[in-house]
1. Could you look at the stretch 298-347 and say what percent of its accessible area is carbon and sulfur, using a 1.4 Å probe and all protein chains?
2. Starting from the Cα coordinates of the stretch 516-602, work out the convex hull volume and express it per residue in Å³.
3. Contact order normalised by length for the stretch 553-699, with contacts defined as Cα pairs under 8 Å and 6 or more residues apart; what percent is it?
4. Residues of the stretch 327-446: accessible area per residue at 1.4 Å, in Å²?
5. Evaluate the distance, in nm, between pseudo-label points positioned 7 Å from the Cα of VAL614 and of ASP448 along their respective Cα→Cβ axes.
6. Determine the distance separating the Cα centre of the stretch 545-587 from the Cα centre of the stretch 357-416; give it in Å without decimals.
7. Taking all protein chains together and a probe of 1.4 Å, list PHE358, PHE187 from the most accessible to the least accessible.
8. How much net charge surrounds GLN408 when only the other residues with a Cβ under 12 Å from the Cβ of GLN408 are counted, with Lys and Arg +1 and Asp and Glu -1?
Amino acid sequence: MSTSLPSEGPVRDKPFPGASGHLKIHHVDLMKDDNAINHHTSDFISDKLIVRRGKEFHLRLLLNHTLQSSDSFEVQLITGPSPNVNNKTLLNLNPKNPQKPHHWHSSIYKEMGSEVILSITSPPSAIVGIYSLQVGTDYQDVSKSEKHEFYLLYNPWCEDDVVYMPIEEERAEYVLNDTGYVYMGDFKRIQEKPWIFGQFEENVLSCCMYLLSRGLRKITETKDPVLVTRAMSAMMSSQDDNGVLVGNWSGDYKGGVAPFIWNGSAPILQQYYTTKMPVCFGQCWVFSGILTTVLRALGIPARSVTTYQAAHDTEKNLTVDIYMDENGKVSDLTNDSVWNFHVWTEAWMKRKDLPKGFDGWQAVDGTPQERSFGIYCCGPSPVSAIRSGEIFIGYDTKFIFSEVNADQIVWLMKTVNGKKYFKKVSVSTNNVGRSISTKEVGHDSRRDITNEYKFPEGSLEERKAMDHAYVLLDQERNPTETDKETLLKILAKADPVLLGEPVKIVVTLQRNTATTQTAKVLSSFDLQSYTGSEAVPVNSLLNNIEMKQAVTEFTLTLDPNTYMKKVIKFGDVPVIKGLLVAEIINSKASDSAEVYVHFKYPKISIEIPSKVQVGSPCICTCTIHNILNIPLTNAKFHTESLGLSQRQIFHKGVVEPQKSASIQVKCNPTKPGEKKLIIKFFSNEVKEIYKEKIVHVTR
């Protein structure tokens, strides 16, 4: 991606013609406070005027005399590195001769003696970015007059802006809300992780403007949110052009911050803006968090979205193939993967570049997974196109469609007479794309939006969408049923267990007969990161189970000694994932099942007044009680809150079993409103425990 913009012509550097009299301008003032409230930009921590396109803002002039009918002056606006008149990066506005509608125009708003207030309005399709404003007369060369900078943003409050969002509550959530959640865990145990988007924090918007200048070839491209969201998707990753964040799924985070430690976007974007170097390290929810922050800061409505059982289809054939050998181990032939969850971003806009029917939410992903037209980026893809199987509408729709719709096929590799062959054990059409989640508008709760991405499983509409996608892909879909002599189904269940305690997996075999048969059950258990790509083997088991009833149940047990040492060395929040394959001996009947084992951890308690006043310091006490039978080593607390306290780290050493550790955080409320205090605890054994507390700050 280009890091500079091409030259587009010279700036006019001569005095404005046509002026009469001896008018001079003593002072120019961009009316920051007045405009900020009207433009929904008052929360930005910035010394710049910040306005939204399609909306007027005001400029105060102090003249050397009362404005006369013969006086003439002009306002010059400049944006981009090489502005010119032709592409509207250099604009000369005459307040006494306003321009036509849908163009930049200026007019005299109010006169008070030698003080004149001008109204300036941008078109709803104006270039988004940093503008320089100057005012000149024939006695004051505009090129030598004082420059005033302001930021122009998208305007979801303006009906003629392509990012217009008609519902006020949604604008408040998707543009103005600076806190929220990203959803993690798995679809059977969804976990909400508090996230501070912080789009109004110091230097965040400046960082966004810097990213625009680096991510787009021409400044004029910032008019189009389609091009901007795609460029910002690429700029979130260091893979191309030294973007914001270095992705790391290795578990080794030396030289940086482990992804699960981040609480929000602002520290990452602030560090990047200061150093102009990629920040270490991030994973999908961090990429989604910073991309959502950037889009909200620019004025594009955005939300973070989590898909559970998200497919990574490396062969791009809308299937995920998993291979297990006869020893119960997942084979190296398995190139595809199903992530426990994957987090991306949605941006709201009209798609004037596409046929009708594809406006609204667009999926855009900042996590570098695959190259798109030679660059690591993804989207924007219309969610409506994903739902209907229109895999070639928008950007990267086929890839995202596969993430939420791919069929999962489990294969068993066998050796017979020295030759290998593959037995298709099971085909699942509903395992991928589960419980697609985002934060509810106006409430701290989860909203399931699966039906926005896909029709109900097994419905006529769902079949049509899948068939349509396969037709567009020009290939046949795999049969959805495997060839079985006798119906066999395997189920596996495991309740969360205290870390350091035995893991018990209850396995159920179901048949349509009660005749005695023997089933061979292969099971592979790995300590995995959420992507499934970084796995540490825990155990592989082979059990022959005699079945005398239609339903047979038995229990597999993993001793803590088989996983605890690996947990301590594991760099990520761990989960044990099991893949089980069952086949009836001397029969073609077979099936597979997956199971996730989550660990239970100690909980954090927070004591702080529920109501505090701006400027009145208070103390927050945070305590953790170690309920485990193992010590927690290298223990530390992280705290962070917008408007209450800065990011802080407290080192606590070792917390012995059944003992407690506490910290006291000094909070100094600086902003009124409902604020969230986020507390996290980390140790070698427990990678992340978090809790939030809502505090009402009054004036």
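The values are calculated or read from the model by the stated rules, or taken from the named source; none is laboratory data. Computed from a predicted structure; not experimentally measured. For neighbour counting, all protein chains shown are included, and Cβ atoms are generated from backbone atoms with ideal geometry for every residue, glycine included. SASA here: full protein model, heavy atoms, side chains in, ligands and nucleic acids out. Shrake-Rupley method; radii C 1.70, N 1.55, O 1.52, S 1.80 Å.
1. Solvent-exposed carbon and sulfur of the stretch 298-347 make up 41 percent of the total.
2. 114
3. Reported relative contact order: 24 percent.
4. 40
5. Label-label distance for VAL614 and ASP448, simple model: 4.2 nm.
6. Cα centroid to Cα centroid, the span is 31 Å.
7. Greatest to least solvent exposure: PHE187, PHE358.
8. Net charge in that neighbourhood comes out at -3.
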